[in-house]
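Each remark here refers to the structure printed beneath this line.
The values are calculated or read from the model by the stated rules, or taken from the named source; none is laboratory data. Bear in mind that the values here come from a model prediction, so they are computed numbers and not experimental data. Cβ placement follows ideal geometry from the backbone for every residue including glycine, while neighbour counts extend to all protein chains displayed. These accessible areas exclude ligands, DNA and RNA; they are computed on the full protein's heavy atoms, side chains included. Shrake-Rupley method; radii C 1.70, N 1.55, O 1.52, S 1.80 Å.
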Amino acid sequence: MQLISDPNAWIAFLTLSALEIILGIDNIIFISVIANRLPIEIREKVRRFGLIFALVTRILLLLSLSWVMGLTAPLFSISEHVISGRDLILLLGGFFLIWKASKEIYVEVEVGEHGEAHSNANSQNAGKSMMTLFVGSVLQIGLLDIIFSLDSVITAVGMVDQISVMIAAVLASVLIMLVAAKPIGDFVHRHPSIKVLALSFLTVVGVVLIAEGMSVHIPKGYVYVAMAFSLSVELLNIRSREKKKRQG
């Protein structure tokens, strides 16, 4: 009750919630890209499970703060560069994200809709295949959720002292992401150019994770501004194309 009546706690909650939502944007994009490759029947379930997995991961990491902070202890060194547990997770996550985004860009650009439709048709032929797709997709999302959650939790620990405020902010941000995931996913699916742009964003995020893992700090603000600018230009292009279609 004391926290509820404390204005500082509310300011911390709102600030942290906003940051968690911003940090979760790349997570939503990744979940949307994975879900849009799946048959329509299981897309919504994969989105929901992916975000629930993100919520559970963040809360578990918050409840094991001593373990999270222990990840900064050195594990080994490469050419006089010390690697901690956190660095190792960020490096593996960055390489995985670049590999996954590059693969999806190849499928989108080279294979195209015919390949996607063929893949979806094959996946619908057998229930066992559908379940394999579902489990594989959730596992991929879960793996990246751990990487994104680690970044998110370390941010929360650096900003707020009260664990209850941290958990409340994480809950609020994931609930907002649950509401936003489907419209964002549908919009990305309708516009192939946005899809490629979103995958390019994920490649950039992968590079940032690798840089962080090598102790090279890249200010996230620069990355988000560049992404916002690129998205704005592409939205203008989409509007221009649709206007030309109506006039034609």
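If all Cα-Cα distances of region 37-94 are sorted into 5 Å bins from 0 onward, what percent lands in each bin, rounded to whole numbers?
Spelled out bin by bin, region 37-94 gives 4, 15, 14, 18, 14, 11, 10, 8, 4, 1, 0 percent.
Run the numbers for A18 and V207: contour at 0.36 nm per residue of separation, minus the present Cα-Cα distance, in nm.
Full extension from A18 to V207 adds 65.7 nm.
Of all accessible surface on region 21-94 at a 1.4 Å probe, what whole percent is carbon and sulfur?
The computed percentage sits at 73.
Can you tell me the FRET efficiency between N237 and I11 if r is taken as the Cβ-Cβ distance and R0 is 45 Å, rounded to the nearest 0.05?
That gives a FRET efficiency of 0.70.
What distance in nm separates the simple spin-label points at A180 and L63, each placed 7 Å from Cα in the Cβ direction?
Placing both labels 7 Å beyond Cα along the Cβ direction yields 2.6 nm.
May I ask you to rank I146, I218 by accessible area, largest first, using a 1.4 Å probe over the protein chains only?
Accessible-area ranking of I146, I218, largest first: I146, I218.
Take the Cα radius of gyration of region 129-248 and divide it by 2.2 N^0.38 Å, with N its residue count; two decimals is plenty.
For region 129-248, the normalised Cα radius of gyration is 1.32.
Rg to Rh ratio, region 208-248, alpha-carbon atoms and Kirkwood radius?
My calculation of the ratio gives 1.35.
Taking amide hydrogens as modeled 1.01 Å from N in the peptide plane, which residues meet the under 5 Å criterion relative to S84, leaving out close sequence neighbours?
Amide H neighbours of S84: L75.
Could you sort E242, E110, E80, E104 by accessible area so the largest value comes first, with the probe set to 1.4 Å?
Most to least solvent-accessible, the answer reads E80, E110, E242, E104.
Pull up the cross-link candidates among the lysines for K195, meaning alpha carbon to alpha carbon under 22 Å and not fewer than 8 places away within one chain.
Cα-Cα hits under 22 Å: K45, K100, K103, K182, K220, K243, K244, K245.
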